[in-house]
Amino acid sequence: MVPQTPDPLLVGLGEALKARRKERDKISQERLYLETGVHRNYIGGIERAERNPTVEVIAKLAAGLEIAPSQLFARAEQNAERLGASWPSGEHSDGSSR
């Protein structure tokens, strides 16, 4: 069986989550788990783009990282665009229209 390439948005979300943990006093996955109730193994799976979290989980993690969910999504979108993802025409994470 051929391994699937992870969705760029999931990779971008994982990168955004990990980067924000590092920005917030280098908070560990364990500490984030204790603050949010989202298990550290699940957090690690999100960061490795192995998990596709619900909006509810993303909101909990964002609250624990003291960032708005929309800001976390915007960072994820920017990371995904860097990895080659594209979106339908309209406004993009950087505010531009393409």
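Here are a few things to note about the model shown:
- Scan the stretch 12-39 for residues that are farther than 18 Å from PRO69 by Cβ and touching a Leu at 6+ places or on another chain (Cβ under 7 Å) and the total you get is 0.
- Checked against the criterion of being over 17 Å from ALA80 (Cβ atoms), acidic (Asp, Glu) and in contact with a Gly (Cβ under 8 Å, 6 or more places away or on another chain), the stretch 10-32 contains not a single residue that satisfies it.
- Selection count, the stretch 21-35, where residues are surrounded by 12 or more Cβ atoms within 10 Å (Cβ to Cβ), assigned to a helix (DSSP H, G or I) and in contact with a helix residue (DSSP H, G or I) (Cβ under 7 Å, 6 or more places away or on another chain): 5
Read-outs: derived from the displayed coordinates by stated rules, not from any lab. Keep in mind it's a predicted model, so treat the numbers as computed, not measured. Positions of Cβ are backbone-derived with ideal geometry, glycine not excepted, and every protein chain shown enters the neighbour counts.
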